[in-house]
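Taken together, the values in this text are just the output of simple stated rules run on the coordinates, not laboratory data. Everything quoted here is computed from the prediction, not taken from an experiment. Please note: Cβ atoms are built from the backbone with ideal geometry, for glycine as well, and neighbour counts cover all protein chains shown.
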Amino acid sequence: MKDLYIYNTLSRSKERFEPLAPPHVGLYVCGPTVYGYPHLGHARPAVTFDILLRYLRERGYKVRYVRNITDVGHLENDADEGEDKIARKAALEQLEPMEVAQYYTNSYHHAMERLNVLPPSIEPRASGHIIEQIELIKQILAAGYAYESNGSVYFDVGKYDAAHHYGRLSGRSLEDMRANTRALDGQSDKRGAFDFALWKKAATGHIMRWPSPWGDGFPGWHLECSAMSAKYLGERFDIHGGGLDLLFPHHECEIAQSTATCGHDGAHYWMHNNMITINGQKMGKSLGNFITLDELFTGSHPLLAQAYSPMTVRFFILQAHYRSTLDFSNEALQAAEKGLSRLMAAVTAIDKIVPSDAATPIGAGKLTERFYTAMNDDLNTPVAIAVLFDLVRTINQLAEGQLFISPDELDELRRAAHRMVFDILGLRSEEIVSDSGLVAPLVGMLLEMRTEAKARKDWAASDSIRDRLAALGITIKDTKDGAEWSL
Ligand code: ZN
């Protein structure tokens, strides 16, 4: 098998992928913060690193894939100021913070399942690793790269930068950053403007708090990934991934934390997916273009002309290289929907092709090789998909009797097509879901039956209909005028 090359953000070049201890590969990807519904911004890293995981497994590696859940310590802004988002949501909705975290974690899992994103091998929660994080802070303090201040502990970026280079990953220099920033106003507990919190003192009334040698508080956001990657993958592991928005300061701080304690960075390769824009604009709540995945799948956002199935969204994401920006628009999604249906129709059509013993080779192997060459080139999925459309043309010619194929080659073609489309790109048939022409009246009929059951006080039947629909992923919401449903 040919070599796999991946772009390492740290070296700013494509490097041949060589695991530290083959056939094992340690992969750590920064997971979601769970204080809101999963949105478009979650879909891209999830699909990108799902492709990496699938392709590494395809190449025979045994991947330990760790993707965390950030359920504590993620504050309002990068300067470590503001309120904990989960605690705020909990207070707002009168819930236990862990209820908020669990609710949105479930919602994230459900969306990932619909996108056919494989689950990680380990999914650690930041709140379940407070002891490990406190231990790491002690090590950083012992190494002399942190200081305690008024019940909080901060990483001393200035001292670290003097010994190592802070900004290695993002290509920044502390000197430039300082030159472009206003001086501290004297109100802060920090010594330097770029020092970041390892431990924050909990203010009175702060719900999520744990005892520590420095008093009651909670860990800083950057710490959890260093602590959990080291715990499950070791102090040195293969790949660390995440969105480009996490490059600075999050990943830069992770590198500083690992280097401060072990003398070296945790990850060998750093991979970052680029961002999603919507009609050319950055996605943001204030811009009115913040689209959740559920809104996308049901078409219930004002910017959407229609519903887009999870596989359409997945296919659309794969049509761009993960390091390019990706612009969402109705036109682009509709084009993806058409392309996907052509591809899936062709894969299904393979089964109807009748082989001929007299056929000359059509070069199915060459086509497959081109697909793998594209994947080996830093997971170049747009080129791989272009190869698949050559395959679609060939299949259609075979199906229409313009081209002939031997039984052996047909067998090879079928296996290769399934492998490329289903196993590696992770696409799957959505006929049942996408045929809303049939689903809607069927669900409507069941809801009518449920209303009738309720009218005759047959609660068992009414609940059974609701629960069985829920098991199929259909949520029922009772309203004044009856019931609404969503997939
Ligand atoms: Zn992280």
_Net dipole in debye of the chain [+1 Lys, Arg Cβ; -1 Asp, Glu Cβ; about Cα centre; nearest 20]_ = 220
*Which residues in the range 29-46 have a backbone N closer than 19 Å to a point placed 7 Å from the Cα of Ile207 along the Cα-to-Cβ line?*
33-38
*√(5λ) per eigenvalue of the Cα gyration tensor, the range 1-154, largest first, Å*: 31, 23, 14
*With the Cα gyration tensor of the range 170-272 giving a ≥ b ≥ c as the square roots of its eigenvalues, does the rule (a/c under 1.5 for rounded; else a/b larger than b/c for prolate; else oblate) give rounded, prolate or oblate?*
oblate
*State the percent of C-alpha pairs, over all pairs in the range 159-222, separated by a distance greater than 13 angstrom.*
72
*Taking neighbour Cβ counts within 10 Å as the exposure measure, how do Arg67, Arg191 sort from fewest upward?*
Arg191, Arg67
*Could you tell me how many degrees, from 0 to 90 and to the nearest 10, lie between the Cα long axis of helix 97-114 and the main elongation axis, the longest principal axis, of the Cα atoms of the chain?*
30
*How compact and how long is the range 266-422, expressed as Rg and Dmax of its alpha-carbon atoms in Å?*
18.9, 65
*Over the range 352-469, one equal point on each Cα, no solvent: what is log10 I(q)/I(0) by the Debye formula at q = 0.17 Å⁻¹?*
-0.86
_Distance histogram in 10 Å bins (all Cα pairs of the range 246-289, percent per bin)_ = 23, 34, 22, 18, 4
*Using Cα-only point scatterers and the Debye equation, what is log10 of I(q)/I(0) for the range 203-347 at each q in 0.16 Å⁻¹, rounded to two decimals?*
-0.97
*Could you list Glu409, Glu369 in order of exposure, starting from the residue whose Cβ has the fewest other Cβ atoms within 10 Å?*
Glu369, Glu409
*Quick one: pull the percentage of alpha-carbon pairs in the range 242-327 with a separation above 21 Å.*
46
*asked:* From Cα pairs below 8 angstrom and at least 6 apart in sequence, can you work out the relative contact order of the chain, rounded to a whole percent?
replied: 16
*How long, wide and thick is the range 322-410, going by the Cα atoms along their three principal axes, in whole angstroms, largest first?*
48, 28, 16
_Debye intensity ratio in log₁₀ form over the Cα atoms of the range 285-376, taken at each q of 0.17, 0.24, 0.26 Å⁻¹_ = -0.89, -1.29, -1.38
*In Å and from the alpha-carbon atoms only, list the Rg and Dmax of the range 78-201.*
18.4, 50
*What angle, in degrees between 0 and 90 and rounded to the nearest 10, separates the Cα long axis of helix 130-142 from the longest principal axis of the Cα atoms of the chain?*
50
_Can you give me the Kirkwood hydrodynamic radius for the chain, using every pair of distinct Cα atoms, in Å to one decimal?_
25.1
*Mind checking the angle between helix 381-399 and the chain's longest principal axis? C-alpha axes, 0 to 90 degrees, to the nearest 10.*
10
_So, R0 is 60 Å and r is the distance between the beta-carbons of Leu20 and Arg456; what FRET efficiency does that work out to, to 0.05?_
0.35
*What is the antiparallel percent of DSSP beta bridges lying wholly in the range 1-159, to the nearest 5?*
50
*26 Å Cα-Cα threshold exceeded, pairs from Lys14/Lys62; Lys89/Lys285; Lys159/Lys285; Lys457/Lys477*: Lys159/Lys285
*Under a plain spin-label model, where a point goes 7 Å from the Cα along Cα-to-Cβ, how far apart in nm are Asp357 and Lys480?*
7.5
*Would you order Ser429, Ser212 from fewest to most other beta-carbon atoms within 10 Å of each residue's own beta-carbon?*
Ser429, Ser212
